[in-house]
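Chemist: The following block contains the structure, expressed as C-alpha cells.
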Amino acid sequence: MKNAVYFALAIVCAVFARSAFAGPPPMVTTTTTSQACGTGWYFGLQGGANIYQDFGSDRHIDINGSDVSFGINDHVGGFGGIKFGYVFGPGEWRLALEEDWYYNGVDAEAAVRVNGREIGTVDSTLNTAAFMTNLVLRYAPNGGCGLQPYIFGGVGGWWGETGGDTEITVGGTTRTLGSSDNGGFAFQVGAGLDYYFNPRWSIFTEYKFLDYTNAGGDFTDSNIGQHLVGGGFKVHF
C-alpha cells in the first residue's frame, strides 16, 4: 500500500515539474489581409447630360452688302460611352491613365438674321464622338474602399457632324449653309467621386468641361465649350 502511495506521489510530482518548466503555452495568431479597392485595370460605362453649351460668338457674312449673321441657341444634350484605364499602386494618392470615349449629341437651333433682323431659324445638330486620354489624380483613404474623390485633365480629338442645312436668299443671291463632317482637337478638365462597394466594383458621378475646336462650321466663329454631368459604374479586373 505504501509503495502505491509513493508511486502516485511520484507521478504527480513529475507532472507538476513538467508544467512548471515547460514555459507558457504557444500563442495562436491569425493574420488577415485586406485588399486595396480600385487598383489596376478597369472598365466602365458612363452616361449623362450636356447641361450647358457655349457656342461662342455669332458668325457674320456679307451677301450683296447685307450683313447676315448666324447664332446658335443653347440647348441641353446627352452623352454616353465607355472608360478604360489603369490605376497605379495601392497608396493613399494614386495616379491613373484613362481612355474616355463617348458619343456627344446636342440638338440646337440656329437663328438667321439679316442686318440685325431675324428672318428664320434652322435646326442645328452637333452629333460627335469624343476620344480623350485623361491623367487622373485619385485620393484613396482607407485602402480606397468607400468614397474615393479624383480630379483629371485630358486631351484628344473629336469627329462628327455639325450644323444643319439651310438656304439663305438675299437680293437675288442664294447661299447654302449647313452641315459638315469635320473634327479637330479637344481638351477637358473635371472632377469626380467613386464609391467602392468592394475592391472590384464602384459607382461614380463626374463633372467635366469639354472644349471642341473647329466645331462652329458655318454657324459660329468660336470653339464650342460644354459642361457635362454624368455617372456610371466601373469594374476592376
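Chemist: So is residue 140 over 30 Å from residue 157 (Cβ atoms), among the small types (Gly, Ala, Ser), surrounded by 14 or more Cβ atoms within 10 Å (Cβ to Cβ) and modelled with pLDDT of 90 or more or not?
Modeler: yes
Chemist: Output the residue which, of all residues in region 174-201 that are modelled with pLDDT under 80 and of a type in the set (S, T, N, Q), is surrounded by the most Cβ atoms within 10 Å (Cβ to Cβ).
Modeler: Of everything passing the filter in region 174-201, 179 is surrounded by the most Cβ atoms within 10 Å (Cβ to Cβ).
Chemist: Does region 202-237 hold any residues that are of a type in the set (Ser, Thr, Tyr), out of contact with any Lys or Arg (no Cβ under 8 Å at 6 or more places or on another chain) and either part of a strand (DSSP E or B) or at pLDDT 95 or above (or both), and which are they?
Modeler: Across region 202-237, the qualifying residues are 205, 207, 212.
The values are calculated or read from the model by the stated rules, or taken from the named source; none is laboratory data. None of these values were measured; they are calculated from a predicted model. Every residue, glycine as well, gets a Cβ built from its backbone with ideal geometry; the counts of neighbours run over all protein chains shown.
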